[in-house]
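Following: one structure in C-alpha cells, then a few remarks.
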Amino acid sequence: MRRDTTRYFFALYGDARTSVAMRLRTILLFPGLLAILIYRVCHHLLYGAEPNIATKLSYGALWLASRWYAIAVGIEIDSHAHIGPGLFINHFGAIIVGPAYIGENCNIAQSVTIGKSSMVTDWELETVDVLDVPTIGDRVWIGPGAVIAGPVSVGNDASVSANTLVIRDVQPRGVAMGVPAQIVSVKGSFRQVRYRGMEDDAERTAAILETRRASL
C-alpha cells in the first residue's frame, strides 16, 4: 500500500516532501488510489489473513464497499487478482481488472479491461488445463480502451497502445498495437511508466541497455 500511494505522490509532486494536505488532495483527485487500497485489504483478507468469522465479516463489508465504489467511479478490481506494488490508475471510468496476475509499477488508463476470455467460473478452474487469465509483467503501460483477455503473457516493460486487443503474448519491451495486437516496436514503456527510484532500479536499467543494444 505504501508503494501504491508513493506512485501517486510522485506523479503529482515529484520527489518533494508531501504534507498531510497534499496527501488528502491526492486521495480526492485520484479515485484509482482508493480503489487500489480497498483491493489490497480485500485481497489480504482472502489470502493473507486467518480465515475466521471476523475475517469473513470484514471481507463481506469491504466487498460491498468496493462494489459501491466501482459503481460510483467505474473502477472494478477483482479481489482474486494478484497485483504487485505500485499500480497507478491515472484516470477512472470503465476499468475492469479481473483475476489476473499483474507485476510491479504498472500503469492502467481509462476504459481498460483485463480478464478471462471465457465464462469458466471460479469453482471450475481446477478442471481447466490452462488458467484463463492474463499474466502481465513489471512496468507495463496499458493505454485507454485496451483489452487484454485470456491466458496471454505481457512481458516486462511492454506497452499496450490505446484501443488494442491483446489475445496473443507480447514480448518484453514490445509495443503492441491494433485489433488483434501486432508488435510494432521494441522500445518499451520507459517513457510512459515513471516512479520514484526508477533510476536506481537495476532491472529497469538492464532492460534499457538491452533495448539500446538491440537498436544498434
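The values are calculated or read from the model by the stated rules, or taken from the named source; none is laboratory data. Remember, predicted model here, so these are calculated numbers, not experimental data. When we count neighbours, we look across all protein chains shown, and the Cβ atoms used for this are built from the backbone with ideal geometry, even at glycine. Quick note on the areas: whole protein, heavy atoms, side chains included, nothing else; ligands and nucleic acids left out. Shrake-Rupley method; radii C 1.70, N 1.55, O 1.52, S 1.80 Å.
Conditions tested, residue by residue: (1) buried (at least 20 other Cβ atoms within 10 Å of the Cβ); (2) small (Gly, Ala, Ser); (3) more than 15 Å from ALA181 (Cβ to Cβ); (4) modelled with pLDDT under 90.
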{"site": "ALA94", "(1), (2), (3), (4)": "no, yes, yes, no"}
{"site": "ILE108", "(1), (2), (3), (4)": "yes, no, yes, no"}
{"site": "THR113", "(1), (2), (3), (4)": "no, no, no, no"}
{"site": "LEU125", "(1), (2), (3), (4)": "no, no, yes, yes"}
{"site": "VAL140", "(1), (2), (3), (4)": "yes, no, no, no"}
{"site": "GLY145", "(1), (2), (3), (4)": "no, yes, no, no"}
Report summary line: Counted residues in the range 195-216 being more than 16 Å from GLY103 (Cα to Cα), in a helix (DSSP H, G or I) and open to solvent by 100 Å² or more (accessible area, probe 1.4 Å) come to 4
Report summary line: Among helices (runs of 4 or more DSSP H) entirely within the range 3-86, at least 2 residues that are among the charged types (D, E, K, R) occur in 20-29, 53-73
**Report entry** Pairs where the first residue, in the range 61-73, is in contact (Cβ under 8 Å) with a residue 40 or more places away in the chain and open to solvent by less than 40 Å² (accessible area, probe 1.4 Å) and the second is hydrophobic (A, V, I, L, M, F, W, C) and not in a helix (DSSP H, G or I), C-beta under 9 Å, 6+ apart
**Finding:** VAL73/PHE92; VAL73/ILE95
Query raised in the report: Among the candidates GLU104, GLU50, which residue alone is modelled with pLDDT under 95, among the acidic types (Asp, Glu) and either surrounded by 15 or more Cβ atoms within 10 Å (Cβ to Cβ) or out of contact with any helix residue (DSSP H, G or I) (no Cβ under 6 Å at 6 or more places or on another chain) (or both)?
Result: GLU50
Query raised in the report: Taking into account only those residues within the range 127-138 that are open to solvent by less than 50 Å² (accessible area, probe 1.4 Å) and among the acidic types (Asp, Glu), which is modelled with the lowest pLDDT?
Result: ASP132
Report task. State whether one or more residues within the range 61-79 are of a type in the set (Lys, Arg) and farther than 26 Å from ASN156 by Cα. Result -> yes
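Please go through the range 139-183 and pick out each residue that is of a type in the set (S, T, N, Q) and over 22 Å from GLY93 (Cβ atoms).
Residues satisfying the conditions are SER153, ASN156, GLN171, GLN182.
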Query - Selected residue (only one of ILE27, ILE38 is of a type outside the set (Gly, Ala, Ser) and open to solvent by 60 Å² or more (accessible area, probe 1.4 Å)) - result: ILE27
